[in-house]
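Visitor: The structure that follows is given in the form of structure tokens.
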């Protein structure tokens with residue numbers, strides 16, 4: 001996939017606050033940032049690695065702007081986790097425009113998730129460009 | 001952000017208006033000094049001030065003594081908007097639409113179940129799927145799910161025989177909010193909720209077997225059918241993934257139209273639209289439908305607990321009667337004098353007083369039962385609504401203890417297996433998927449519910465009736 005992510009240089013951290021979980025994601029490019037956000041979400045949901053039946057899915061998300069696209073992307077993954085019990089850990093992401101995402105996601109269909117995530121929120125949402133790439137924060141309702 | 005507060009009444013504090021807030025109504029919070037200090041530790045005051053920016057806000061944005069930081073709105077917040085043009089905001093209800101509480105009581109005293117508590121809790125745990133994404137036993141076709149969303153508990157009783165006929169009078173709004181439309185609930189939300197009717201969900205959701213340990217108001221307790229030493233059951237859960245998806249879907253829609261309606265917001269999570277607009281009406285209808293799903297979820301769980309009580313205890317006195325079922329996360333259209341308001345209650349409980357005509361006949365002249373769940377393993381309270389609350393707080397009061405510590409911090413402070421042993425030593429038998437999940441919901445992670453209740457009692461927005469302590473806990 002052209003423009004796909006270089007995951008090795010990306011990183012994320014889960015910061016816990018009183019009743020919420022904040023994802024802090026760093027990546028060298030925007031597609032990497034979205035891929036890393038997907039990985040961070042899988043970690044937040046606490047699905048054990050290596051369990052379940054392998055699955056692969058093409059995902060398309062559209063939103064009004066780049067920030068909303070990050071929220072909608074994570075909410076798409078939250079929906080797939082709850083409705084289809086699919087947890088994705090590897091992503092190849094393309095961003096053809098500011099408000100459109102195409103992804104090839106790989107993961108597993110699992111029996112049970114450790115931690116429920118209700119939704120990704122717009123609360124304290126930010127994507128910031130840095131000299132070496134991008135930093136984003138997204139708050140999850142857990 | 002550190003706000004200056006000035007006391008404007010007993011336990012009532014007003015945020016001194018920040019520069020640039022213009023003619024916005026004030027933000028006020030009910031609390032004593034200790035709860036106020038806890039509230040100041042997070043950003044909930046900032047969020048309450050942001051709420052005053054919503055178009056059409058009436059009188060003031062109010063914080064209850066259990067207020068804590070939420071998403072857009074604080075949890076423990078009450079905001080009323082004037083209709084027809086005032087806004088409705090999904091963030092003012094929250095993701096867990098109609099998270100709420102149901103109290104059922106037996107005629108048994110604690111001594112009668114002491115020997116059976118372990119099998120009782122075990123059987124409740126087996127009958128009610130807990131946790132995330134677990135399949136419930138009440139499986140519905142899509143058409144049946146639409147009826148649940150449109151009609152709520154009356155449909156569930158009429159067509160599926162779930163519950164007793166007299167239950168309906170003892171559920172807020174009869175277990176069916178007006179204006180609900182299944183057609184405004186997305187397919188995605190229906191997919192998420194399809195297998196979740198009758199499931200607890202994670203977090204602080206629980207079913208507890210409790211004992212009435214103290215009565216504060218003999219007359220109200222008598223009218224509610226409560227007596228000291230009585231065995232009761234408290235169910236705490238909401239509309240599950242269906243409600244979460246309704247909030248997600250409509251937040252997204254409102255986020256895209258905020259500018260079109262000329263609304264400027266300090267926080268994107270406060271996305272809203274006039275209730276009179278197509279987007280506002282659509283969300284209200286979907287929210288009401290999700291609330292009906294929440295009422296039905298607790299109806300199914302209560303029905304199963306009744307069955308377990310019959311099977312395990314084998315006594316006519318084990319029959320569970322519904323005292324009341326209240327919502328903690330809703331927006332309701334209510335009349336205050338000459339105004340019609342959309343009252344957003346997010347982590348707040350409706351608290352109608354004795355003169356309200358919507359009360360069940362048996363509670364007229366007393367008031368609406370207000371059910372305040374403790375955190376897992378701590379006391380819960382039954383309060384009663386007051387007529388004064390209409391003037392003071394849009395007939396609203398607190399909803400519970402409120403989190404004071406993150407799940408991770410609780411895990412670092414508490415060892416799950418030790419907590420389990422400690423609870424058992426205090427006479428509380430717990431069923432929980434894991435020790436880790438138990439530690440996350442440890443009592444020290446929550447504010448002091450007794451203190452919260454004391455404040456609302458002294459302010460007069462609900463009065464204390466009874467205190468219940470758990471002897472058996474099934475955690476989601």
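The values are calculated or read from the model by the stated rules, or taken from the named source; none is laboratory data. Only a predicted model underlies this, so the values are computations on that prediction, with no experimental measurement involved. Cβ coordinates were reconstructed from backbone atoms using ideal geometry, including for glycine residues, and neighbour counts include every protein chain displayed.
Visitor: Evaluate the following for residue B:370: is it buried (at least 24 other Cβ atoms within 10 Å of the Cβ), over 23 Å from residue B:176 (Cβ atoms), touching a helix residue (DSSP H, G or I) at 6+ places or on another chain (Cβ under 9 Å) and in contact (Cβ under 8 Å) with a residue 12 or more places away in the chain? Please lay out each step first, then the result.
Guide: Details: buried (at least 24 other Cβ atoms within 10 Å of the Cβ): yes; over 23 Å from residue B:176 (Cβ atoms): no; touching a helix residue (DSSP H, G or I) at 6+ places or on another chain (Cβ under 9 Å): yes; in contact (Cβ under 8 Å) with a residue 12 or more places away in the chain: yes.
No.
Visitor: In this structure, is residue A:96 more than 13 Å from chain B (Cβ to nearest Cβ) and more than 13 Å from the chain's Cα centre (by Cα)? Give the steps one after another, and end with the answer.
Guide: Working: more than 13 Å from chain B (Cβ to nearest Cβ): yes; more than 13 Å from the chain's Cα centre (by Cα): yes.
Taking the combined requirement at face value, the residue satisfies it.
Visitor: Answer yes or no as to whether residue B:344 is within 21 Å of residue B:102 (Cβ to Cβ), touching a residue at least 40 places away in the same chain (Cβ under 8 Å) and crowded, with 23+ Cβ neighbours inside 10 Å.
Guide: Spelling it out, it is not the case that residue B:344 is within 21 Å of residue B:102 (Cβ to Cβ), touching a residue at least 40 places away in the same chain (Cβ under 8 Å) and crowded, with 23+ Cβ neighbours inside 10 Å.
Visitor: Go through the range A:54-71 and give me each residue that's at the interface with chain B (Cβ under 10 Å from one of its Cβ atoms), within 25 Å of residue B:242 (Cα to Cα) and either without any contact (Cβ under 8 Å) to a residue 40 or more places away in the chain or surrounded by 24 or more Cβ atoms within 10 Å (Cβ to Cβ) (or both). Quick ask: steps written out before the conclusion?
Guide: Step one: list which residues in the range A:54-71 are at the interface with chain B (Cβ under 10 Å from one of its Cβ atoms), which gives A:63-65, A:67-68, A:71.
Subsequent filtering for residues that are within 25 Å of residue B:242 (Cα to Cα) retains A:63-64, A:67-68, A:71.
Matches in the range A:54-71: A:63, A:64, A:71.
Visitor: Quickly run through the range B:51-79 and pick out the residues that are under 12 Å from residue B:89 (Cβ atoms), in contact with a strand residue (DSSP E or B) (Cβ under 8 Å, 6 or more places away or on another chain), more than 11 Å from chain A (Cβ to nearest Cβ) and assigned to a loop (DSSP other than H, G, I, E, B).
Guide: B:54, B:55, B:56
Visitor: Just give me the residues in the range B:231-271 being away from chain A (no Cβ under 12 Å) and in contact with a strand residue (DSSP E or B) (Cβ under 9 Å, 6 or more places away or on another chain), in sequence order. Lay out the reasoning, then the answer.
Guide: Going residue by residue through the range B:231-271, those that are away from chain A (no Cβ under 12 Å) are B:231-237, B:261-264.
Matches in the range B:231-271: B:231, B:232, B:233, B:234, B:235, B:236, B:237, B:261, B:263.
Visitor: Moving on. Please enumerate the residues belonging to the range A:113-134 that are away from every other protein chain (no Cβ under 11 Å) and either closer than 13 Å to residue A:66 by Cα or assigned to a loop (DSSP other than H, G, I, E, B) (or both). Give the derivation first.
Guide: First, the residues of the range A:113-134 that are away from every other protein chain (no Cβ under 11 Å): A:127-134.
Selection gives A:127, A:128, A:129, A:131, A:132, A:134.
Visitor: Also, I was wondering about something else. Give me the helices (runs of 4 or more DSSP H) completely within the range B:386-455, filtered to those with at least 2 residues that are at pLDDT below 90, within 14 Å of chain A (Cβ to nearest Cβ) and closer than 19 Å to residue B:202 by Cβ, ordered by residue number. Talk me through it step by step, then tell me what you get.
Guide: Values: elements: B:388-393, B:407-413, B:416-425, B:435-440.
Per the criteria, B:407-413, B:435-440.
Visitor: Also, I was wondering about something else. Anything in the range A:28-48 that is in contact with a strand residue (DSSP E or B) (Cβ under 8 Å, 6 or more places away or on another chain), within 17 Å of residue A:80 (Cα to Cα) and outside any helix (DSSP H, G or I)? List them, or say none.
Guide: If the condition is that a residue be in contact with a strand residue (DSSP E or B) (Cβ under 8 Å, 6 or more places away or on another chain), within 17 Å of residue A:80 (Cα to Cα) and outside any helix (DSSP H, G or I), then A:47 is the only one that fits.
Visitor: I'd like to know if the range B:20-41 contains one or more residues that are closer than 30 Å to residue B:242 by Cα, touching a residue at least 40 places away in the same chain (Cβ under 8 Å) and part of a loop (DSSP other than H, G, I, E, B).
Guide: Pass one, the range B:20-41, residues closer than 30 Å to residue B:242 by Cα: none.
Checking the range B:20-41: not a single residue is closer than 30 Å to residue B:242 by Cα, touching a residue at least 40 places away in the same chain (Cβ under 8 Å) and part of a loop (DSSP other than H, G, I, E, B).
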